Amino acid sequence: MRNIVSRFLRVFLLAGLSAVSFGIASTALATEEGLLSLHYDVTGKRLFKIEANQLFQRTDEGMAWNAIPLPEDVTEGQLLAVSVPYNDPQTLYIAGTSIGVQRSTDDGETWQELNANLPSREVTALTVHRRQNETLYAVIADNGIYQSEDAGDTWKKMDSGPSQKVNRLIHSDMEGSMQTGWLYAVSVDAVRLSMDCFCGWRPTGALDAGSVYDVAYSLDNPKRVYVATQQGLWRSDNGGQEWQQVAGDGTELVALTLSAKGTLYGLNQKGELLHSKNEGRSWTYPDA
């Protein structure tokens with residue numbers, strides 16, 4: 001493990017420590033209890049949860065999860081991702097293996113497939129651009145990363161992506177990019193990043209924390225990044241160049257997201273929602 005981390009660190013240093021900030025939202029994780037994912041809708045102030053191939057939502061103030069109707073063909077695949085444009089809360093995008101990418105413009109009442117010129121429906125990760133509602137990025141297994149600039153109607157291959165399987169893709173508008181922002185790819189072994197001009201991927205700073213589960217960032221300060229790992233929660237104050245383990249209460253999280261007000265939300269392996277208002281040092285059940 002030390003040799004792997006050292007190699008990643010050398011690659012990162014050789015690539016140059018340019019100013020980087022990090023992205024928001026969450027990833028899907030396969031656990032013994034099923035597949036879990038968490039996403040925060042900034043404009044609608046809602047949480048979305050994927051659990052057992054179903055999609056649920058709840059408001060910040062709400063106490064219960066409400067199921068969102070999904071297309072019938074979702075049952076034939078594995079739902080992995082949900083994403084909402086930053087200022088259009090009525091539009092939802094979902095994606096997964098054997099599902100491809102689908103869109104609803106009426107908060108889940110009806111759905112439309114967006115797979116016309118994708119090479120397959122084996123989508124492992126999906127994200128919406130931080131500031132551009134109609135720009136999407138999708139990861140196709142064993143193929144690469146595709147971009148759409150018309151809300152998913154057409155797609156173009158942009159990059160082959162990291163060689164490791166990508167479980168999560170996140171876009172950030174942090175400074176320092178040669179184009180509009182950065183893309184962060186979460187794999188089980190590391191978090192990697194690339195400018196959204198697709199100018200090459202490199203790992204973030206050394207993170208010797210076992211399996212990587214999820215990542216979230218602060219909208220007000222994109223350099224503030226949190227990562228949920230096998231060895232607990234880690235934080236970076238410089239966009240992922242360096243990591244420090246959060247001295248927390250031992251809560252184990254497999255999904256993570258951050259609200260606009262700075263509240264951290266997480267799911268444990270049972271799919272139970274927890275939150276932290278002190279930067280991850282302690283976690284409680286919001287319903288308690």
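The values are calculated or read from the model by the stated rules, or taken from the named source; none is laboratory data. For clarity, every value in this text was computed on a predicted model and none was experimentally measured. All Cβ positions, glycine included, derive from the backbone under ideal geometry; neighbour counts span all protein chains shown. For the accessible areas, the whole protein counts, side chains as well, though only heavy atoms, and no ligand, DNA or RNA atoms are used. Shrake-Rupley method; radii C 1.70, N 1.55, O 1.52, S 1.80 Å.
Can you find even one residue in segment 19-32 that is of a type in the set (A, V, I, L, M), under 19 Å from Gln269 (Cα atoms), part of a strand (DSSP E or B) and at pLDDT below 95?
Looking for residues that are of a type in the set (A, V, I, L, M), under 19 Å from Gln269 (Cα atoms), part of a strand (DSSP E or B) and at pLDDT below 95, one finds at least one in segment 19-32, hence yes.
Would you say Gly176 is open to solvent by less than 30 Å² (accessible area, probe 1.4 Å) and of a type in the set (Gly, Ala, Ser)?
no
Of the residues that make up segment 266-285, is at least one of a type in the set (Val, Ile, Thr), open to solvent by 50 Å² or more (accessible area, probe 1.4 Å) and assigned to a strand (DSSP E or B)?
Among the residues of segment 266-285, at least one is of a type in the set (Val, Ile, Thr), open to solvent by 50 Å² or more (accessible area, probe 1.4 Å) and assigned to a strand (DSSP E or B), which makes the answer yes.
Within segment 111-140, how many residues are under 17 Å from Glu76 (Cα atoms) and of a type in the set (Gly, Ala, Ser)?
Residues in segment 111-140 being under 17 Å from Glu76 (Cα atoms) and of a type in the set (Gly, Ala, Ser): 1 in total.
Of all residues in segment 243-265 being aliphatic (A, V, I, L, M) and outside any strand (DSSP E or B), which is most open to solvent (accessible area, probe 1.4 Å)?
Result: Ala247.
For segment 191-203: of the residues being open to solvent by 10 Å² or more (accessible area, probe 1.4 Å) and either of a type in the set (Phe, Trp, Tyr) or in a loop (DSSP other than H, G, I, E, B) (or both), which is nearest to Arg130 (Cα to Cα)?
Checking each candidate, the answer is Cys197.
Would you mention how many residues in segment 143-157 are more than 19 Å from the chain's Cα centre (by Cα), more than 11 Å from Asn115 (Cα to Cα) and in contact (Cβ under 8 Å) with a residue 12 or more places away in the chain?
Result for segment 143-157: 4.
Just to be sure, is Ala228 among the hydrophobic types (A, V, I, L, M, F, W, C), at pLDDT 90 or above and part of a loop (DSSP other than H, G, I, E, B)?
Considered against the rule, which asks whether it is among the hydrophobic types (A, V, I, L, M, F, W, C), at pLDDT 90 or above and part of a loop (DSSP other than H, G, I, E, B), Ala228 comes out as no.
Do you know which residues across segment 72-127 are surrounded by fewer than 16 Cβ atoms within 10 Å (Cβ to Cβ), without any contact (Cβ under 8 Å) to a residue 24 or more places away in the chain and over 16 Å from Tyr146 (Cα atoms)?
Passing the criteria: Glu72, Thr75, Glu76, Gln90, Thr105, Asp106, Thr110, Gln112.
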